[in-house]
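Reading through the structure tokens given below for one structure.
The values are calculated or read from the model by the stated rules, or taken from the named source; none is laboratory data. In this text, all values refer to a predicted model and were calculated from it rather than measured experimentally. A quick note on method: Cβ atoms are made from the backbone with ideal geometry, for glycine too, and the neighbour counts reach across all protein chains shown. Quick note on the areas: whole protein, heavy atoms, side chains included, nothing else; ligands and nucleic acids left out. Shrake-Rupley method; radii C 1.70, N 1.55, O 1.52, S 1.80 Å.
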Amino acid sequence: MKSLLKTEEVESYIFTDVDVPEAQNDEVLILVDKVAICGSDYNLYKWNSVAKVIADIPFTPGHEATGTVVKAGPTATISTGQRVAVENHYFCGDCFQCKTDRGDICSNMGQYGHGKKTRHGGCSQYSIVPSKYCYQLTTDISSEQAVVLEPMGVAHNAIEQLDVSGEDVLIIGCGPVGCLAISIAKALGAIRVVATDIEANRLEIATKMGADIVINGQTENLFETVTKITDGAGIARICEVSGASKMVNTLFTLLRKGGQVVLVGLPKDPIHIEDPLPNVCK
């Protein structure tokens, strides 16, 4: 079968022929229908400082994948012919986080498509996935829709943690996860969703995804606009998706007293709270 491989700690992927793997124990072999490309896949190709933290060589990239089961191991819980979406976070089920229903931040996390506890990924014609990490698709959603379930899961988890029902929400960063978070916040009962980014085309998408107010941080003063639309109280819930250290450092100036913040984006530089006394204690 054809497969993309990461085999060296240099800027590279290799597109080559490899043997079709065999499903063992509770594993299933899936025929990959669709695989999406994430920003982290670019980091893995470049093998930069981010990649060295999030991946172990060798592996097949592609952690956002969906497919159809064509073979099942002897103890697999999914039958052949079943369409599935892959859970790329291989939670252990035994650590403190897993036992307290937080497998999303498992202490012993493996990761499909990153070489963490599995060499398999979605950038191949066939792929091996343990049954427990397969979500069985029970509706007629398309493969294009199903492959977006992984980034949507990231957004849903973040918004769910914020408890947005009946509150105003600010989404900082309108990339794919940020835009998905907009729609999810509306679906979970947010009153107003405010979205900010520095790229106009992303803000256009944010509006289509349900944002009530969009703010271009390149041409507008974010603090002044948030202050105005909240009558000086600040935003009740903030979902930071940009990963920009500057935004993380200043977001407390935008937050209502007693409000909540969730960080999705991963800053590359040190973060701190600017002016902590007035911004946190006042």
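Remarks
- Scan of segment 192-219 for residues that are open to solvent by less than 60 Å² (accessible area, probe 1.4 Å) and closer than 21 Å to A236 by Cβ, ordered by number: V193, V194, A195, T196, D197, A206, G210, A211, I213, V214, I215, G217
- Some residue of segment 103-123 being basic (K, R) and closer than 22 Å to G243 by Cα: no
- G259 vs. criteria on the phi > 0 side of the Ramachandran plot and open to solvent by less than 70 Å² (accessible area, probe 1.4 Å): no
- Where I191 falls short, out of the listed (1) under 19 Å from G39 (Cβ atoms); (2) in a loop (DSSP other than H, G, I, E, B); (3) modelled with pLDDT of 95 or more; (4) not charged (D, E, K, R): (1)
- Checking each residue in segment 77-105 for being at pLDDT 95 or above, part of a loop (DSSP other than H, G, I, E, B) and within 18 Å of the chain's Cα centre (by Cα) picks out E87, N88, F91.
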